[in-house]
Amino acid sequence: MTLQEKCPVLQFKDLGDERGKLVVIEGNKNIPFEIKRVFYIYESDSTVVRGQHANRESEFVLINVAGQSKVRITDGKSEFIVELNKPMMGVYIPKMIWKDMYDFSSDSVLLVLASTHYDGKEYIRNYDDYLKEVL
Ligand code: TYD
């Protein structure tokens with residue numbers, strides 16, 4: 001399986017009508033895990049890089065519900081970049097995949113769905129340590 005197949009871009013159905021748009025997110029339905037935690041990142045800008053970690057336990061789906069940002073995704077061998085620029089798209093990031101989020105527009109609201117409750121100990125924050133484990 002290629003890295004892009006492991007980290008698919010998800011296209012959500014738009015249930016909008018003349019009153020506006022509506023996107024539904026349901027754990028274990030259009031998100032491939034049970035959602036235990038939701039957080040969102042805003043008021044980042046084009047000068048910051050966030051993320052810069054891999055997680056031993058957590059799976060994530062990232063969605064820019066407003067504005068846009070980019071996610072660089074790597075497994076230490078290959079990498080690809082996803083531009084999150086529509087509320088109806090997201091990207092799935094499984095365990096032990098390294099991600100950097102950057103190029104946030106000033107109106108970016110990056111919604112993150114996670115499969116776990118927060119536990120700082122499951123984060124790998126040093127890229128060399130990460131490479132030692134995955135290569
Ligand atoms: P951090 O992991 O640096 O955020 P990002 O991945 O977006 O770059 O988290 C910033 C701070 O927030 C850090 O002190 C840990 C804390 N935090 C929680 O307490 N719970 C959470 O669910 C998350 C994602 C972070």
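In the range 113-135, which residues are over 11 Å from Leu62 (Cβ atoms) and in a strand (DSSP E or B)?
Correct list: Tyr123, Ile124.
Counting residues that are open to solvent by less than 40 Å² (accessible area, probe 1.4 Å), which strands (runs of 3 or more DSSP E) fully inside the range 8-112 reach at least 3?
Counting at least 3 such residues, we get 49-55, 60-66, 69-74, 79-84, 89-93, 98-102.
Give the residues of the range 47-70 that are under 11 Å from Phe104 (Cβ atoms) and within 13 Å of the ligand (Cβ to nearest atom), sorted by residue number.
Val48, Val49, Arg50, Ser69
May I ask you to say which residue of Glu43, Glu59, Glu79 is at positive phi and acidic (Asp, Glu)?
Glu43
Regarding Ser46, is this residue farther than 20 Å from Met1 by Cα and modelled with pLDDT of 95 or more?
yes
The values are calculated or read from the model by the stated rules, or taken from the named source; none is laboratory data. Quick caveat: nothing in here was measured; it's all calculated off a predicted structure. Positions of Cβ are generated from backbone atoms using ideal geometry, with glycine treated the same way; all protein chains shown enter the neighbour counts. Note: areas computed on protein heavy atoms with side chains; ligands, DNA, RNA excluded. Shrake-Rupley method; radii C 1.70, N 1.55, O 1.52, S 1.80 Å.
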